[in-house]
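Reviewing the structure listed below.
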Amino acid sequence: MRASMQASTSQATCGSVLASPRPASVFSGRSVPSTSQCVPGPVRQQLRSRRGMVCEARKLSTLRRKLWREAGPPPELATRLFSERIMYLGMPIDSAVAELLTAQLWVLVQEAPDPIYFYINSTGIAKSNTKYGNEHEAVAVYSMMRAVSKFCPIYTLAVGNAFGEAALLLA
């Protein structure tokens, strides 16, 4: 009986050993072979390369997280546009928007004589429930643009709608 067990062990393939319902004690004291011994060579290399890629991806992910912690969060959009001398009007013009635009123009002209880029996507003056907006806000921004253009050029570009007083700023 012992010889028949040894013969069955030596003739057993990896697939039959792994799929065998017999316990490991039946194999004359030897343990069941590991899956790396049962997998053919090229497939084993693919598994190793996949494990290596997963390990490298984890290392990169850890490195990215470390760099993000050191560098801090990315800057917000308005700050980035302003640092690149870009002004963006994306809403109807009211008194608060006009005040912000004139302040931005004033700061940009004080910094350097480089060109200012002004992107416009606006429907003109703001409308409240029953009262229409006042055209004076758009005229204030326009007159500030004309005064600043003596010191540095202002390039305007419509990136959507430019109706009413927004078209005035585009001119």
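The table below lists the values:
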{"item": "Heavy-atom SASA rank of Lys66, Lys150 (probe 1.4 Å, accessible area, largest first)", "result": "Lys150, Lys66"}
{"item": "Built amide H within the under 5 Å cut-off of Ala158, gap 5+", "result": "Ile120"}
{"item": "Computed FRET value (nearest 0.05) for Val139 with Thr79, which takes r as the C-beta separation and R₀ as 25 Å", "result": "0.30"}
{"item": "By accessible area with a 1.4 Å probe, ligands and nucleic acids excluded, highest first: order of Thr156, Thr79", "result": "Thr79, Thr156"}
{"item": "Leu170 accessible area, assembled protein chains, probe 1.4 Å, Å²", "result": "60 Å²"}
{"item": "For the stretch 71-112: rounded, prolate or oblate by the Cα gyration tensor [a/c cutoff 1.5]", "result": "oblate"}
{"item": "Heavy-atom accessible area ranking, 1.4 Å probe, most first, across Val159, Val148", "result": "Val159, Val148"}
{"item": "Solvent accessible area, Å² - Arg146, 1.4 Å probe, full protein context", "result": "150 Å²"}
{"item": "Rounded D (µm²/s) - the stretch 64-171, Kirkwood Rh over Cα pairs, Stokes-Einstein at 25 °C, 0.890 mPa s", "result": "165 µm²/s"}
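The values are calculated or read from the model by the stated rules, or taken from the named source; none is laboratory data. For clarity, every value in this text was computed on a predicted model and none was experimentally measured. Heads up, the Cβs are rebuilt from the backbone with ideal geometry, glycines too, and the neighbour counts pull from every protein chain shown. Protein only, heavy atoms only, side chains kept; ligands, DNA and RNA dropped before computing areas. Shrake-Rupley method; radii C 1.70, N 1.55, O 1.52, S 1.80 Å.
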